[in-house]
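Derivation of every value follows stated rules applied to the coordinates shown; laboratory data play no part. Not measured: the values here are computed from a predicted model. Cβ coordinates were reconstructed from backbone atoms using ideal geometry, including for glycine residues, and neighbour counts include every protein chain displayed.
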Amino acid sequence: MADELSEKILRNCSQTLAGLKTGTIFNISDMPVSILEFQIAVLNSKLNPLGIFIERVRSKKNNSLIYVYRRSQLLKDLDRTGVREILRPIGYPECGSTKDIILDGQIQYLMKRLSDYDCFPHEIGLFLGFPVEDVEEFIRHDGHDCVACGFWKVYCNKKEALSTFRRFRICARIYENAILEKRPIESMTVAA
């Protein structure tokens, strides 16, 4: 039923499914929103119990932006030192009776920012699990003058980032093989 979306998530979000990365955002083309929403609902019913959540961020014509994330890890990531100082001036909500309500508000605000602009807002790295200091420096340097580039632009801790990039590439190869073997997405998802 949700095979087409499952394959795209396995291909694009392997590091998130494996628990190596908080979130991934990718584009899916040529799928009507109604079909996509149905497939997202089916996959969420399978993956939410494992800690993985899927959101359709925006759609223009038959192109949709999909956000796949580990909710528990995102809660921790957005509580890291320096995150509030980046998000507060941009207008992200901080109030709510529970961390879950605050998180939902922050995800909704990110989705609004992604819908309002054609490019990605610089703070998106915080929602994908990138190091806070790299996001800060990316914003400060407007994306220029990085010391390395791979899954994100690196400004600090180059050696550690390159090691992480290697692990991410190995993970992607493992998941490509899983696609060829037609393994179900839930069997390739590490529970939170």
Q.
For the range 165-186, give me each residue that is in contact (Cβ under 8 Å) with a residue 24 or more places away in the chain and either in a helix (DSSP H, G or I) or more than 28 Å from Leu5 (Cα to Cα) (or both).
A. Arg167, Phe168, Cys171, Ala172, Ile174, Tyr175, Glu176, Ala178, Ile179, Ile185, Glu186
Q.
Suppose the filter is within 17 Å of Met188 (Cβ to Cβ) and surrounded by fewer than 18 Cβ atoms within 10 Å (Cβ to Cβ); does Arg11 pass it?
A. yes
Q.
Return the residues of the range 149-164 that are over 21 Å from Ile25 (Cβ atoms) and without any contact (Cβ under 8 Å) to a residue 24 or more places away in the chain; say none if nothing qualifies.
A. Lys158, Lys159, Glu160, Leu162, Ser163
Q) Looking at Leu74, Leu36, Leu50, which is the one that is touching a helix residue (DSSP H, G or I) at 6+ places or on another chain (Cβ under 8 Å), touching a residue at least 40 places away in the same chain (Cβ under 8 Å) and surrounded by 17 or more Cβ atoms within 10 Å (Cβ to Cβ)? A) Leu74
Q.
Pull out all pairs, ordered by first then second residue, where Cβ-Cβ is under 6 Å, the residues are six or more apart or on different chains, the first lies in the range 53-67 and is over 11 Å from Leu114 (Cβ atoms), and the second is in a strand (DSSP E or B) and of a type in the set (Asp, Glu).
A. none
Q) Would you pick out the residues in the range 111-159 that are in contact with a His (Cβ under 9 Å, 6 or more places away or on another chain) and either more than 29 Å from Lys60 (Cβ to Cβ) or of a type in the set (Phe, Trp, Tyr) (or both)? A) Phe138, Tyr155
